[in-house]
Amino acid sequence: MSRPGDMRPLEAVPGERPPKPRPAPVPEPEAAEYWAAARDGRLLVQRCETCGHAQLYARDRCLACRGPVSWVEASGKGTVYTFTVIRQNYARPFKAWMPYVVALVDLAEGPRLMTNVVGIDPEDVRVGMAVRAKFETVSDDAGIVLFEPDG
Ligand SMILES: [Zn+2]
């Protein structure tokens with residue numbers, strides 16, 4: 001039994017098409033480490049080895065100074081910058097999740113991530129609320145990073 005904000009496929013209903021799993025990303029080589037870490041329950045960001053700037057999504061150079069970057073583990077803590085509640089989406093599996101929240105979350109390390117806020121009724125999500133990362137494995141190569149209320 002799902003509750004608002006869970007984003008889990010509903011149980012199969014006799015006579016209807018079965019629930020469809022969440023779409024999985026096909027990792028590009030430069031982002032494979034990010035997706036594999038998310039599969040393993042860790043959130044990575046890129047940090048510049050020259051100036052310390054943190055960034056997501058994956059790029060081959062620092063956006064601030066063009067210096068080399070490497071992956072570092074993030075705290076998983078963040079704040080909702082903005083969000084919207086999706087009430088219409090007829091594609092599976094999204095249809096089974098409605099209403100659900102698409103949000104921009106500012107990570108404690110700096111980067112802003114487009115994601116879903118789950119584990120809370122969409123009507124209770126607020127700008128500025130503290131959230132923490134949670135992970136959902138979606139393939140052998142990738143997990144996705146979702147956020148849930150922190151505290
Ligand atoms: Zn830099």
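The values are calculated or read from the model by the stated rules, or taken from the named source; none is laboratory data. Everything numeric here is computed off the predicted structure, so don't read it as measured data. Ideal geometry is used to build each Cβ from the backbone, glycine not excepted, and the neighbour counts take in all protein chains shown. Accessible surface is based on the protein model in full, side chains and every heavy atom, while ligands, DNA and RNA are left aside. Shrake-Rupley method; radii C 1.70, N 1.55, O 1.52, S 1.80 Å.
Could you check how many percent of all C-alpha pairs in segment 68-109 are farther apart than 12 Å? Please list the in-between numbers first.
Numbers: 589 of 861 pairs.
In whole percent, the share of Cα-Cα pairs in segment 68-109 beyond 12 Å is 68.
Taking every DSSP beta bridge with both residues inside the chain, roughly what % is antiparallel (nearest 5)? Walk me through the intermediate numbers first.
Details: 31 of 32 bridges.
Antiparallel: roughly 95 percent of the beta bridges in the chain.
Okay, helix-only estimate at 222 nm for the chain: each DSSP H run of n ≥ 4 adds -39500 (n - 2.57), divide by all residues, round to 500 deg cm²/dmol; what do you get?
-2000 deg cm²/dmol
Considering only protein heavy atoms, with the full assembly of protein chains and a 1.4 angstrom probe, order Tyr90, Tyr100 by accessible area, largest first. Spell out each step's value before the answer.
Numbers: Tyr90 160, Tyr100 15 Å².
Order by accessible area, largest first: Tyr90, Tyr100.
Below 8 Å, C-alpha to C-alpha, sequence gap of six or more: please give me the relative contact order for segment 1-125 in percent.
Once divided by the residue count of segment 1-125, the mean separation gives 27 percent.
For segment 68-151, what does the relative contact order come out to in percent, with C-alpha contacts under 8 Å and a separation of six or more? Could the numbers behind the result be given before it?
Values: 157 pairs, mean separation 24.6, N = 84.
Once divided by the residue count of segment 68-151, the mean separation gives 29 percent.
Keeping all protein chains in place, calculate the accessible area per residue for the chain (probe 1.4 angstrom), answer in Å². Mind dumping the intermediate values first?
Details: 8630 Å² over 151 residues.
Result: 57 Å² per residue.
Taking amide H positions as placed in the peptide plane 1.01 Å from N, state which residues far from Tyr100 in sequence (5 or more) or on other chains have amide H under 5 Å from it.
Ile86
Could you tell me the ratio Rg/Rh of segment 14-96? Both radii from Cα atoms, Rh via Kirkwood.
Values: Rg = 17.4 Å, Rh = 15.7 Å.
In segment 14-96, Rg relative to Rh is 1.11.
Would you mind computing, in nm to one decimal, how far apart the modelled labels at Phe94 and Cys51 are, each placed 7 Å from Cα along Cα→Cβ?
Modelled inter-label distance: 3.6 nm.
Stretched out fully, how many nm does the piece from Ser139 to Trp71 gain, at 0.36 nm a residue minus the Cα gap? Present the calculation step by step, with values, prior to reporting the outcome.
Working: separation 68, 0.36 × 68 = 24.48 nm, distance 2.11 nm.
So the extension gain works out to 22.4 nm.
Might you work out the accessible area of Glu123 for me, using a 1.4 Å probe with all protein chains in place, and round it to the nearest 10 Å²?
For Glu123, solvent-accessible area is about 100 Å².
I'd like the carbon and sulfur percentage of the solvent accessible area for the chain, probe radius 1.4 Å, heavy atoms only, ligands and nucleic acids excluded. Present the calculation step by step, with values, prior to reporting the outcome.
On the way: 4400 of 8630 Å².
Of the solvent-accessible surface of the chain, carbon and sulfur hold 51 percent.
Hey, any idea what Rg/Rh is for the chain, computing Rh the Kirkwood way over Cα pairs? Spell out each step's value before the answer.
Numbers: Rg = 16.6 Å, Rh = 16.4 Å.
Over the Cα atoms of the chain, Rg/Rh equals 1.01.
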